[in-house]
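Take a look at the structure set out below.
The values are calculated or read from the model by the stated rules, or taken from the named source; none is laboratory data. Given the structure is predicted, the values throughout are model-derived calculations rather than measurements. Glycine gets a Cβ as well: all are built from the backbone with ideal geometry, and neighbour counts include every protein chain shown.
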Amino acid sequence: MSFEFRNLKRLGNSVSVSISPDENGYLGRECPEESCEGYFKIKPGTGLTGQDLPCICPYCGHKGPHNSFWTKAQVEYLHSLALRQVSDAIHKDLKQLEFDHKPRGAFGIGLSLKVKSGAPVPIRHYVEKELETHVTCDQCTLEYAVYGVFAYCPDCGAHNSLQILQKNLDLALKQLSLADTVTERDLKEHLTGDALENCVSTFDGFAREVCRIRAAKSTDPSQCESLSFQNLPRAAIRMQKLFGIDLASCVPPAEWQAAHIGFMRRHLLAHRAGVVDQQYLGETGEPPAHLGRKLVVSAAEVRTLAGVVLQIARHFISKLPAPNKSKALP
């Protein structure tokens with residue numbers, strides 16, 4: 001007797017299975033580099049168009065074909081789907097072998113063959129993870145999501161540090177707009193001071209990140225791990241030593257000094273409850289009569305600071321070397 005596994009043959013030499021995006025249209029990805037293995041998500045249909053475009057890890061910058069960025073959960077799911085298709089096909093083929101020959105005559109012997117249905121191969125379903133930051137790349141319009149804040153675009157490779165800075169500065173300006181609508185003095189001062197602190201802290205985070213991803217191209221990579229940009233003149237000295245960049249040259253001296261004072265005011269708000277101390281007077285050159293007084297921060301100076309900070313940041317990015325995409329985010 002001859003028999004063909006027809007259902008199994010219909011599957012051919014390969015099994016077709018697919019991955020669907022989550023309810024928000026995002027598809028999970030995982031860096032194949034063992035030193036990284038960072039998880040992120042992209043939204044198919046946004047970003048670059050074309051054939052055989054590579055995927056770029058937003059954390060370490062590793063570049064490779066998209067089919068090398070499957071997550072472990074996706075691979076287990078695909079394997080289980082494939083095994084289910086194969087096992088179901090084999091079961092259908094074996095069912096065709098069933099027979100039941102009844103006994104004949106007084107001493108006849110009946111024969112039968114039954115294929116029992118066992119438990120099907122379980123499908124290893126999964127759910128894509130929730131991530132902290134959603135970004136639309138301002139270079140290629142890819143929508144992607146990452147842990148943390150800073151990242152390379154998985155499509156075009158552009159780093160989002162300047163984009164994140166711009167977004168946070170916009171939020172600080174919105175705080176000022178909200179403060180303008182408030183009549184209660186203490187709340188208005190709090191919102192204005194908070195907007196000032198946000199301008200400084202977001203620039204500090206931005207500058208630390210753009211230096212970190214370029215550390216290998218500095219004169220002292222270890223120093224790039226412990227930089228601070230909360231004092232502009234000191235930061236300018238370090239940038240001259242590390243990258244040969246004159247950070248103060250991108251804006252007029254008066255604007256640089258205004259930004260320096262703004263940064264020093266943020267220090268007083270964060271560490272001295274806004275009360276002027278001798279260090280502040282020495283750093284800014286303001287009159288000694290201000291010693292012991294409480295700062296009053298105006299919305300106008302914060303708006304000016306936000307504009308100067310953005311100018312400095314753009315100059316900073318334009319003068320720095322290209323980032324070295326070889327180190328995963330901590």
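Would you confirm whether any residue within region 238-248 is farther than 22 Å from CYS211 by Cβ and either surrounded by 18 or more Cβ atoms within 10 Å (Cβ to Cβ) or at pLDDT 90 or above (or both)?
Our first condition is that a residue be farther than 22 Å from CYS211 by Cβ; within region 238-248, this holds for none.
Within region 238-248, not a single residue is farther than 22 Å from CYS211 by Cβ and either surrounded by 18 or more Cβ atoms within 10 Å (Cβ to Cβ) or at pLDDT 90 or above (or both).
Give region 100-135 a look and list any residue that's touching an Asp or Glu at 6+ places or on another chain (Cβ under 9 Å), assigned to a strand (DSSP E or B) and modelled with pLDDT under 85, or say none.
Result: LEU111, SER112, LEU113.
How many residues are surrounded by fewer than 19 Cβ atoms within 10 Å (Cβ to Cβ), over 22 Å from the mean Cα position of the chain (by Cα) and not β-branched (Val, Ile, Thr) when one looks only at region 210-227?
Qualifying residue count, region 210-227: 5.
Just checking, how many residues over region 42-65 are outside any loop (DSSP other than H, G, I, E, B) and surrounded by 15 or more Cβ atoms within 10 Å (Cβ to Cβ)? Give the steps one after another, and end with the answer.
Restricting attention to region 42-65, the residues satisfying the condition of being outside any loop (DSSP other than H, G, I, E, B) are 42, 55-56, 63-64.
So of that shortlist, the ones also surrounded by 15 or more Cβ atoms within 10 Å (Cβ to Cβ) come out as 42, 55-56.
Total meeting the criteria: 3.
Can you tell me how many residues in region 274-322 are of a type outside the set (A, V, I, L, M, F, W, C) and touching a strand residue (DSSP E or B) at 6+ places or on another chain (Cβ under 6 Å)?
So the first thing to find is which residues in region 274-322 are of a type outside the set (A, V, I, L, M, F, W, C), and the list is 274, 277-280, 282-288, 290, 292-294, 298, 301, 303-304, 307, 311, 314-315, 318-319, 321.
Filter once more, keeping what is touching a strand residue (DSSP E or B) at 6+ places or on another chain (Cβ under 6 Å): 274, 294.
So the count comes out to 2.
Scanning region 136-152 for residues that are outside any loop (DSSP other than H, G, I, E, B) and of a type in the set (A, V, I, L, M, F, W, C), which turns out nearest to VAL210 (Cα to Cα)?
Residues of region 136-152 outside any loop (DSSP other than H, G, I, E, B): 136, 143-146, 152.
Keeping just the survivors that are of a type in the set (A, V, I, L, M, F, W, C) gives 145-146.
Numbers: ALA145: 19, VAL146: 17 Å.
Going through the qualifying residues, I end up with VAL146.
When THR284 is evaluated against the numbered criteria (1) of a type outside the set (Lys, Arg); (2) over 30 Å from the mean Cα position of the chain (by Cα); (3) more than 21 Å from LEU173 (Cβ to Cβ); (4) loosely packed, with under 13 Cβ neighbours inside 10 Å, which criterion, by number, is the only one it fails?
So THR284 meets the others, but not (4).
Counting only residues that are in a helix (DSSP H, G or I) and among the acidic types (Asp, Glu), which one in region 186-228 is farthest from LEU171 (Cα to Cα)? First the steps, then the outcome.
Initial filter on region 186-228 (in a helix (DSSP H, G or I)): 186-212, 215-217, 221-225.
When the remaining residues are screened for being among the acidic types (Asp, Glu), the result is 186, 189, 194, 197, 204, 209, 225.
On the way: ASP186: 20, GLU189: 17, ASP194: 11, GLU197: 12, ASP204: 16, GLU209: 20, GLU225: 27 Å.
Selected residue: GLU225.
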